[in-house]
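The values are calculated or read from the model by the stated rules, or taken from the named source; none is laboratory data. Predicted model, so just to flag it, every value in this text is computed and none were measured. When we count neighbours, we look across all protein chains shown, and the Cβ atoms used for this are built from the backbone with ideal geometry, even at glycine. Just the protein is used for accessible areas: all its heavy atoms, side chains included, with ligands, DNA and RNA removed. Shrake-Rupley method; radii C 1.70, N 1.55, O 1.52, S 1.80 Å.
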Amino acid sequence: MEQTLIILKPDCIQRRLIGRLIQRLEDKGLIIAAMKLMQMPPALAERLYEPHRGKPFHDHLVEYVTSGPVVVMVVRGARAIGVCRKLMGKTFGYDAEAGTIRGDFGLSTTYNLVHGSDSPETAETEIALFFERADIVDYATAADPWVLKEGEV
Ligand code: IDP
Ligand code: MG
């Protein structure tokens, strides 16, 4: 099963939306395999956003994600990376579809509540930035056979 790195960004914590956003992941059938609240050091934020180095919004992005605590999670499930991207919605709040996290909770470009890995390679790299292997718990829940069931054909 796929794993992805999800970060509830500082605006989510400041706006007290942690519970509501995690609820959306749980409702969908995804499992939280690791989770912590932390103040992200600038050096770690620079590594997370390395792919955006040189872009006009890079410095502001690093400033934003280090401006207050974040909740960092490894989220697991069938096709978890794409499913989480769909739940998040398009990058800019004003552009994101209603029903998505970004579509329902904001209008901003930078302050868009949540980060999610965008490919299996990115997910692996990003998870390794925040978690040791031993921090990631492999477990099943009683609902799995019902929530994860795929068609026979
Ligand atoms: P994503 O979060 O949807 O994957 P990315 O393009 O990877 O979007 O950008 C990373 C983050 O940088 C976004 O979530 C957003 O916070 C910020 N960002 C992206 N593009 C812009 C922009 O054009 N202006 C300001 N901030 C931006
Ligand atoms: Mg991205």
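Here are a few things to note about the model shown:
- Taken as a whole, the condition of being within 16 Å of ligand 1 (Cβ to nearest atom), open to solvent by 10 Å² or more (accessible area, probe 1.4 Å) and at pLDDT 95 or above does not apply to Arg20.
- For region 102-117, the set of residues classified as aliphatic (A, V, I, L, M) and under 11 Å from the mean Cα position of the chain (by Cα) consists of Leu113, Val114, listed by residue number.
- Each residue in region 103-118 was checked for being within 11 Å of ligand 2 (Cβ to nearest atom), not in a strand (DSSP E or B) and not charged (D, E, K, R), and 2 pass.
- Looking across region 124-139, just one residue is away from ligand 2 (no atom under 14 Å from the Cβ), closer than 23 Å to Gln39 by Cβ, of a type outside the set (A, V, I, L, M, F, W, C) and surrounded by 12 or more Cβ atoms within 10 Å (Cβ to Cβ), and that is Asp135.
- Residues in region 92-123 that are near ligand 1 (Cβ under 9 Å from one of its atoms), closer than 23 Å to Gln3 by Cβ and either of a type in the set (Gly, Ala, Ser) or open to solvent by 70 Å² or more (accessible area, probe 1.4 Å) (or both): Gly116, Ser117, Asp118.
- Selection status of Tyr64, in a helix (DSSP H, G or I) and either within 11 Å of ligand 1 (Cβ to nearest atom) or at pLDDT 95 or above (or both): yes
- Among the residues making up region 1-25, those that are charged (D, E, K, R) and either under 13 Å from the mean Cα position of the chain (by Cα) or outside any helix (DSSP H, G or I) (or both) are Glu2, Lys9, Arg15, Arg16, Arg24.
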